[in-house]
Amino acid sequence: MVLPALAVILLLFVVPLAVSVAGAFEVGGEFGFGNFVKTFELYTSDILFTLMIVGLSTAIIGGLAIAIGGYLTLGENPRAVALLRWLYRWPMFIPFIVVGQVLRTFLAKNGLMNNVLIGAG
């Protein structure tokens, strides 16, 4: 019973991941780290900027979450508690948006899945 689901996961996720990882180390038909060196040369500032934004966003969201959680626990104004409960539930929808974007990218005309499946054939 598990075999069909396992086959789908293997074919749609594990195989493309393995092909991507193997391709990342392929430089001119040989094994090497040239792709990573070039990426580091070109995108170091972008990577550092991304890490800074992620760190700052995490700190702000963590602080707001603590404040909202404290008010939900200790707050006495029913309208404010209701509003904050509504606001607090929004992060539950974010994973669905992320999955939709990832699938749109994978299945796009020039996406990963079409390049791997059509390019191999």
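Under 4 °C and 1.567 mPa s, how fast does the chain diffuse according to Stokes-Einstein, given a Kirkwood radius computed over C-alpha pairs? Answer in µm²/s, whole number.
Answer from the Stokes-Einstein relation: 68 µm²/s.
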Net charge dipole size for the chain [Lys, Arg +1 and Asp, Glu -1 on Cβ; Debye, nearest 20]: 520 debye
Structure-based [θ]222 nm, the chain - -39500 (n - 2.57) summed over DSSP H runs of at least 4, per residue, nearest 500: -25500 deg cm²/dmol
Label-point gap, in nm, between VAL98 and THR44 - each point 7 angstrom along Cα→Cβ: 2.9 nm
Estimated distance in nm for a label pair at ALA22 and ALA108, the labels positioned 7 Å out from Cα along Cα-to-Cβ: 2.5 nm
Gyration tensor (Cα) of the stretch 19-88, equivalent ellipsoid semi-axes in angstrom: 48, 14, 7
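On full extension of the chain, what length is gained from ASN77 through ALA59, given 0.36 nm per residue of separation minus the C-alpha to C-alpha distance? Each step should come with its number before you reach the end.
Details: separation 18, 0.36 × 18 = 6.48 nm, distance 2.68 nm.
That works out to 3.8 nm of additional length.
Throughout, read-outs are computed from the coordinates displayed, never taken from laboratory work. Worth saying up front: this structure is predicted, and the values here are computed from it rather than measured. Quick reminder, even Gly has a Cβ in these numbers, built from the backbone with ideal geometry, and neighbours come from all protein chains shown.
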